[in-house]
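The values are calculated or read from the model by the stated rules, or taken from the named source; none is laboratory data. Just so it is clear, the model here is predicted, and its values are computed rather than measured. Neighbour counts are summed over all protein chains in view; Cβ atoms, including those assigned to glycine, are modelled from backbone coordinates with ideal geometry.
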Amino acid sequence: MSIVFSNKKIFILLFLFFSFTFAKERYITREGFISFFSSTPLEDIKAINKQVSCVLDKSTGEFAFQLPIKGFTFKNALMQEHFNESYLESDIYPKSVFKGKIIDWNTIQLSENPIEVFIEGELTIHGIKQKIKEPGKIWRSSKSIIGESNFNVALVDYNIKVPKVVRSNIAEVINVNVSVQLNPR
Amino acid sequence: MKMYFLIVFLFSFVFAQDDLFDLINDEPEKVEYVEYAFKGTRVANAQSLEIPKPKVLQFMIQHRFGSIENGFYDLFGTDYAIIRYDFSYGFNDIFALGLGRSSFDKIYDIFFKTKLLRQSKGASNMPVSVLLYSDLGIKTGRKSEDAPALKDNFSNRLLYINQLIIGRKFNRKLSLEILPTIIYRNLVMKESDKHQLSSLGFAGRYKITNRFSINGDYFVPIGSRDENFKNSFAIGFDYETGGHVFQVMISNAQGPYELTFIENANGDISDSRLYLGFNISRAFSLKGKDSSSW
């Protein structure tokens, strides 16, 4: 009986130890920044979102993003309404998420100089999941890890329909800019 | 012993399932205001639950044609028109101020529309929005046989409209509202006419697609009216393009101002005295380039 008891203790200890080490390896933010830009000869449209959550598991290079679609603010309130109501349908699809990893993470040595990396994973916008592989930069600054990425999203890939009357005002491919400063959890 | 392995196995399984998302999903719930109950600031004739967005100047034209009763002779009334237009400005999420003019009775009006309660969910649950619409109208017509006292005293030209708009966006398609309304006229035409007129309005919209909805409103008087009084109704649709909301409607009231449609509807389906009309609104964003959010 006493042997069983000590086994139990060890298990609990091991379990605690593991969860402790895991917890230490995670870097997180809830104030990340994502902006997008649509440019046509007729009109430039820009929106920003400062409610981006991101978590990076430093031991594996896996990371995840999550952001509320309603968090995007536009200079033009009417555009913001159309973005939510007609294009992204934020009442049906309130969040956009990304889950993926940094390629060749175990060969990357973080320093204060930005390192070019590739990220790979699944991006979900407007309820549609797409596999993407895009370039990014990552570096360290005192306690934080900073990541940036700039990539293009084709509206057609996420079933975002633009009516004919405004097709010359809205680009078919939108430029997305991501910037996060992650702190140890 | 077997049991412990099982438990540990189970735990490690749960642990392996511990998704990275779990770490960012535990955000505290926020208050989320339910927005976009209507596309425009009016349903058809009636006020909607919307006001111009913050820092947006809205120009709205309410155009009403003549009666359709003569058919093609005057192309369903389109030879004639009465019009009201207004500018209104959204100071913030809850308050808008505006100026308007109606061709009927040459009424200038100044109004504000403010949100007293905002429908919300999340951390704070509020089932309805309640707005106050308050309007001061000034009749600027010349003295006439109909209104010989109009010029005697400036206050004879004034009328006041106070209206609550109580409504709810039930889902992404359906929004409904009721509108208790009091209109006070300083000058009335006949001695038997009442200065203060109360009524209750009902209005709603149903979205067919993201850019198209069917709208309607209906007003019932509270208290007696004279025998020619007709309850006002309007039914129409919204169509949204880039910067415009286009609303087309048919109504038994020709005037698009509260006094004229709630209290002076004269049409009837039975003798096809109905009026076609449209509202068109254009939003101008006055947010500066160096605004703090940029």
(message) Condition check: aromatic (Phe, Trp, Tyr) and either away from chain A (no Cβ under 14 Å) or over 29 Å from the mean Cα position of the chain (by Cα) (or both). Does B:Tyr85 satisfy that?
(response) yes
(request) For segment B:7-16, indicate whether the set of residues that are at pLDDT below 90, within 30 Å of B:Asn162 (Cα to Cα) and away from chain A (no Cβ under 11 Å) is non-empty. (result) no
(message) When you scan segment B:269-276, do you find a residue that is surrounded by fewer than 18 Cβ atoms within 10 Å (Cβ to Cβ) and either within 14 Å of chain A (Cβ to nearest Cβ) or out of contact with any helix residue (DSSP H, G or I) (no Cβ under 9 Å at 6 or more places or on another chain) (or both), even just one?
(response) yes
(message) Every residue in segment A:73-82 that is more than 7 Å from every other protein chain (Cβ to nearest Cβ) and either out of contact with any helix residue (DSSP H, G or I) (no Cβ under 8 Å at 6 or more places or on another chain) or at pLDDT 95 or above (or both), please.
(response) A:Met79, A:Gln80, A:His82
(request) For segment B:18-68, enumerate the residues that are in contact with a Gly (Cβ under 8 Å, 6 or more places away or on another chain) and over 30 Å from B:Phe91 (Cβ atoms). (result) B:Phe65, B:Gly66, B:Ser67, B:Ile68
(request) Hey, can you tell me all the residues within segment A:33-61 that are touching a residue at least 40 places away in the same chain (Cβ under 8 Å) and of a type in the set (Asp, Glu)? (result) A:Glu43
(request) Go through A:Ser168, A:Ser149, A:Ser144 for me and flag whichever is within 26 Å of A:Pro41 (Cα to Cα) and in contact (Cβ under 8 Å) with a residue 40 or more places away in the chain. (result) A:Ser168
(request) Could you pull out every one of the strands (runs of 3 or more DSSP E) wholly within segment B:197-294 that has 3 or more residues that are among the aliphatic types (A, V, I, L, M) and at pLDDT 90 or above? (result) B:212-222, B:244-251
(request) Report the residue count in segment A:111-159 for those that are surrounded by fewer than 12 Cβ atoms within 10 Å (Cβ to Cβ) and either among the aliphatic types (A, V, I, L, M) or closer than 20 Å to A:Glu31 by Cα (or both). (result) 4
(message) For segment A:118-153, which positions are under 14 Å from the mean Cα position of the chain (by Cα), under 17 Å from A:Val180 (Cα atoms) and among the hydroxyl-bearing types (Ser, Thr, Tyr)?
(response) A:Ser149
(request) Return yes or no: is A:Asp57 within 12 Å of chain B (Cβ to nearest Cβ), over 16 Å from B:Val34 (Cα atoms) and among the acidic types (Asp, Glu)? (result) yes
(request) Give segment B:24-46 a look and list any residue that's farther than 20 Å from A:Leu78 by Cα, among the polar types (S, T, N, Q) and crowded, with 23+ Cβ neighbours inside 10 Å, or say none. (result) B:Asn45
(request) Have a look at B:Tyr218, B:Tyr257 and point out the one that is hydroxyl-bearing (Ser, Thr, Tyr), touching a residue at least 60 places away in the same chain (Cβ under 8 Å), in contact with a Gly (Cβ under 8 Å, 6 or more places away or on another chain) and surrounded by 13 or more Cβ atoms within 10 Å (Cβ to Cβ). (result) B:Tyr257
(message) Exactly one condition in (1) surrounded by fewer than 20 Cβ atoms within 10 Å (Cβ to Cβ); (2) more than 8 Å from every other protein chain (Cβ to nearest Cβ) is false for A:Leu88; which is it?
(response) (1)
(message) Out of everything in segment B:225-253 that is away from chain A (no Cβ under 14 Å) and more than 14 Å from B:Gly277 (Cα to Cα), what residue ends up being surrounded by the fewest Cβ atoms within 10 Å (Cβ to Cβ)?
(response) B:Glu227
(message) Given the criterion part of a strand (DSSP E or B), out of contact with any Cys (no Cβ under 6 Å at 6 or more places or on another chain) and within 23 Å of B:Phe261 (Cα to Cα), identify the matching residue among B:Leu164, B:Leu187.
(response) B:Leu164
(message) Quick check on segment B:115-132. Is at least one of its residues over 21 Å from B:Phe170 (Cα atoms) and crowded, with 18+ Cβ neighbours inside 10 Å?
(response) no
(message) Go through segment A:96-126 and report how many residues are assigned to a loop (DSSP other than H, G, I, E, B) and at pLDDT below 95.
(response) 9
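Okay, residues lined up against (1) closer than 21 Å to A:Leu88 by Cα; (2) among the basic types (Lys, Arg); (3) in contact with a His (Cβ under 7 Å, 6 or more places away or on another chain):
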site: A:Ile28; (1), (2), (3): no, no, no
site: A:Ile34; (1), (2), (3): yes, no, no
site: A:Ile45; (1), (2), (3): yes, no, no
site: A:Gln51; (1), (2), (3): yes, no, no
site: A:Lys58; (1), (2), (3): no, yes, no
site: A:Phe63; (1), (2), (3): no, no, no
site: A:Leu67; (1), (2), (3): yes, no, no
(message) Within segment B:98-113, does at least one residue satisfy the condition of being loosely packed, with under 15 Cβ neighbours inside 10 Å and in contact (Cβ under 8 Å) with a residue 40 or more places away in the chain?
(response) no
(message) Whether any residue in segment B:47-67 is surrounded by 15 or more Cβ atoms within 10 Å (Cβ to Cβ), modelled with pLDDT of 90 or more and hydroxyl-bearing (Ser, Thr, Tyr) is what I want to check.
(response) yes
